[in-house]
Amino acid sequence: MRRPRIGVTLDLDEARGEYRLGRAYADAVLRAGGLPVPLPYGEEAGGAYLALCEGLVVTGGAFDIPPERYGEARRPGCGPEKPERTACEWALCEAALAGRIPLLGICGGMQLLDVVRGGALHQDLVQDAGLGGHEQPPPRDVPHHRVAIAPGTLLARLAGPEPLSVNSSHHQAVRTPGAGVLVSARADDGVVEAIELPDLPFALGVQWHPERLAASDPRQAAIFRGLVQAAEDLRR
Ligand SMILES: NCCCC(=O)O
């Protein structure tokens, strides 16, 4: 039987006119038994592209969601935007949620999942909340801090309920959970590290980058295996 097709969002290097995807995302999906399908931008994003897929990974990147998307004016500390990418990922995320297609949001992808559901972000953790320590120096494929996982959640079922060692590469974070959004992990300083939508079969967001740890940590690999298994279940 063919592997479940997992759509993976891309970053556009506008200066070079090139789409980019960190190899670790594709490798993590492949290792979990899925077939990564790169999704270029376009009006078809939420429709025809997603119809090709049984699952979706909304990847992270060095840009911020326009604060207007969560009803706020831009404040100091908010970073550069990529409106075309956000529009594409927004359409994909909305379509995946509406179609109950399994979705994994990573870093900025988790933040998008929250905002699509009506949540809001810390525009900058240091300036908004006085919370530093979430931008680890290179290398970024090694653990940086631990997160506490809420028992009984999807994340706990996948990775186990014990504290999980994660990497950390972000300056924003979920401030207000959106409608139906459950916080399933927090750092010691209270920063939201994972969210999920219990009303759907598989809608999970993680603030760290499990794709960079999945080759060495079975608990991180289990997050991708869970996505691919949920995509497999969708086909039955
Ligand atoms: N906001 C983009 C995702 C990474 C970060 O928060 O820095």
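Overview of values
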read-out: Cβ crowding within 10 Å averaged over residues, with 131-137, 169-175 ranked highest first; value: 169-175, 131-137
read-out: Simple spin-label estimate for A148 and R23 in nanometres, 7 Å along Cα-Cβ; value: 3.9 nm
read-out: Selected from E211, E89, E44 as most flexible by GNM, with the chain as the system and alpha-carbon contacts under 10 Å; value: E44
read-out: Convex hull of segment 43-201 built on C-alpha atoms - directionally averaged projected area, nm²; value: 9.3 nm²
read-out: Value of relative contact order over the chain, rounded to a whole percent, pairs C-alpha under 8 Å and six or more apart; value: 22 percent
read-out: For the chain, calculated [θ]222 nm from helices alone, where every DSSP H run of n ≥ 4 adds -39500 (n - 2.57); value: -8000 deg cm²/dmol
read-out: Backbone HN-Hα couplings from phi across segment 207-215 [Karplus 6.51/-1.76/1.60, Hz, Gly and Pro as x]; value: 7, 8, 10, x, 4, 7, 10, 5, 5
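Each reported figure results from applying straightforward, stated rules to the coordinates on display, with no laboratory input. Note that the structure is a prediction, hence the values are computed from the model and not measured. Note: ideal-geometry Cβ built from the backbone for every residue, glycine included; neighbour counts use all protein chains shown.
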